[in-house]
Amino acid sequence: MLGQDVLAELKSAGIEAVGLGRADLDITDPAAVRAAVEGVTVVVNCAAWTDVDGAETAEDAATAVNGTGVRVLAEACADAHVRLLHVSTDYVLPGDATEPYREDAATGPLNAYGRSKLAGEQAVAELLPQDGYIVRTAWLYGEHGPNFVATMLKLAVQRETLDVVDDQHGQPTWSRALARRLVELGLAALKGWAMGGIYHGTASGRTTWMGLARETYRLSGLDPERIRPTTSAAFVRPAARPAFSVLGHDAWEEAAGLAPLADWREQLARALATPAFSALAAAARKHAKDSATDGSTG
């Protein structure tokens, strides 16, 4: 999802880029990775094991990609003097704060996935202290992969009401907006304007999953009251989820001269105007209209 958006943003900016998927490059293979980074100026690493629950029973496999693979990539970039933009996650944090996490906040993953991603962060910080850029994101949604916003719109056709968690707080982030920021950060790094270190690549503002679902319905012309609040206890998962994933954004201005990403509502409105989401919303509105018509004449 994010990788496709990064390539689209680079193409839009007229920047030559090569995208390598899982079938093209094994990031745990040192020789292959060294060959892949040869001759490039910036690497954006969107490769990751993202099955949070699956990592609970396959932590070694998750760490091989999210930790060992990132170390291999960081070593290759260090040897070739290539800047590395590495996408990480809020899951490296404990999720028990009441105020936005600063970029230098103490880490403390709750689950195997978070531990695997933290191993990757540590590798980048160790091997590329000046040329490594760790960009943590969270609650990502976009056109090119499974995500919460698309799921809510699809379920609008299947169910009259939906129970959605209202006790987890975060910052819904449009993958295209993050992709654009990664390109901006890469360009700033090449010009010597951006310092290496940790950045938080999430939207401004905050909400809950229920808040995101209701805003998705409202902006799509659906009744937001169809979304009903519930608690995390109603949806027990193998991996613990952080209750608070709100991240601070001071580093953008202080270390890169860039403004924080836009508010989550603004990002969501722009995302819902894209063809893929527009089609899902149109189908949901049609279903709601047809259901109302059937109910009034049945």
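Simple point charges give the picture: +1 on the Cβ of Lys and Arg, -1 on the Cβ of Asp and Glu, and for the chain a dipole about the Cα centre of about 860 debye.
Only one residue of Pro224, Ala292, His249 has its Cα farthest out toward the positive end of the dipole of the chain, where Lys and Arg carry +1 and Asp and Glu -1 on Cβ, and that residue is Ala292.
Computed over all pairs of different Cα atoms, the Kirkwood value for the hydrodynamic radius of segment 1-285 is 19.4 Å.
Take every DSSP beta bridge whose two residues both sit in the chain; close to 10 percent of them are antiparallel.
Rolling a 1.4 angstrom probe over the protein heavy atoms with all chains in place gives segment 50-123 an accessible area of 40 Å² per residue. Three semi-axes describe the equivalent ellipsoid of segment 60-103; taken as square roots of 5 times the Cα gyration tensor eigenvalues and ordered largest first, they are 27, 15, 6 Å.
Using the Karplus relation 6.51 cos²θ - 1.76 cosθ + 1.60 with θ = phi - 60°, the per-residue 3J(HN,Hα) values for segment 149-156 come to 4, 4, 4, 4, 5, 5, 5, 4 Hz, with x marking Gly and Pro.
Counting only Cα atoms, the size of segment 1-109 along its three principal axes is 43, 32, 26 Å, in decreasing order. What is the angle, in °, between the Cα long axis of helix 2-12 and the longest principal axis of the Cα atoms in the chain? Nearest 10 is fine, range 0 to 90. Once rounded, the angle reads 80 degrees.
When the charge dipole of segment 140-298 is built from unit charges on Cβ atoms (+1 for Lys and Arg, -1 for Asp and Glu) and taken about the Cα centre, the candidate among Thr151, Ala283, Leu140 whose Cα reaches farthest toward its positive end is Ala283.
Length available on full extension from Asp290 to Thr107: 0.36 nm per residue minus the Cα-Cα distance, which gives 60.9 nm. Taking the Cα centre of the chain as the origin and placing charges on Cβ (Lys, Arg +1; Asp, Glu -1), which of Val183, Ser116, Gln130 is farthest toward the positive end of the dipole? Most positive-ward Cα: Val183.
Using a ≥ b ≥ c from the Cα gyration tensor of segment 68-221 (square roots of the eigenvalues), is it rounded, prolate or oblate, where a/c under 1.5 gives rounded and otherwise the larger of a/b and b/c decides, a/b for prolate? Prolate is the answer for segment 68-221, as a/c is 1.5 or above and a/b outweighs b/c.
For segment 1-285, what does the relative contact order come out to in percent, with C-alpha contacts under 8 Å and a separation of six or more? Across segment 1-285, relative contact order equals 22 percent.
Taken as Cα centroids, segment 1-66 and segment 243-261 sit 23 Å apart, rounded to the nearest whole angstrom. Taking a label point 7 Å from the Cα of Ala58 along the Cα→Cβ vector, which residues of segment 141-167 have an amide N closer than 20 Å to it? Of the residues in segment 141-167, 145-147 have backbone N under 20 Å from the label point off Ala58.
For Arg228, nonlocal amide neighbours, meaning residues 5 or more places apart or on other chains whose placed amide H falls under 5 Å from its own, are Leu162, Asp163, Val164. Segment 121-197 gives an Rg/Rh value of 1.14, both radii derived from C-alpha positions and Rh following Kirkwood. Close amide-amide hydrogen proximity is noted between His86 and Asn45, Tyr133, Ile134, Val135, each under 5 Å apart and 5 or more residues distant or on a separate chain (H modeled in the peptide plane; Pro and chain starts excluded). Between the Cα long axis of helix 209-219 and the first principal axis of the chain there is an angle of about 70°, rounded to the nearest 10. Placing pseudo-labels 7 Å out from each Cα toward the beta carbon at Asp263 and Lys154 gives an inter-label distance of 3.0 nm.
To put it simply, the accessible area of the chain at a 1.4 Å probe is 52 percent carbon and sulfur.
The 3J(HN,Hα) values that the Karplus relation (6.51, -1.76, 1.60; θ = phi - 60°) gives for segment 73-89 are, in residue order, 5, 5, 4, 5, 5, 4, 5, 9, 6, 10, 6, 10, 9, 10, 8, 10, 8 Hz. Gly and Pro appear as x.
The values are calculated or read from the model by the stated rules, or taken from the named source; none is laboratory data. All values derive from a computational prediction rather than experimental measurement. A quick note on method: Cβ atoms are made from the backbone with ideal geometry, for glycine too, and the neighbour counts reach across all protein chains shown. What goes into the accessible areas is simple: the full protein's heavy atoms, side chains included, and nothing from ligands, DNA or RNA. Shrake-Rupley method; radii C 1.70, N 1.55, O 1.52, S 1.80 Å.
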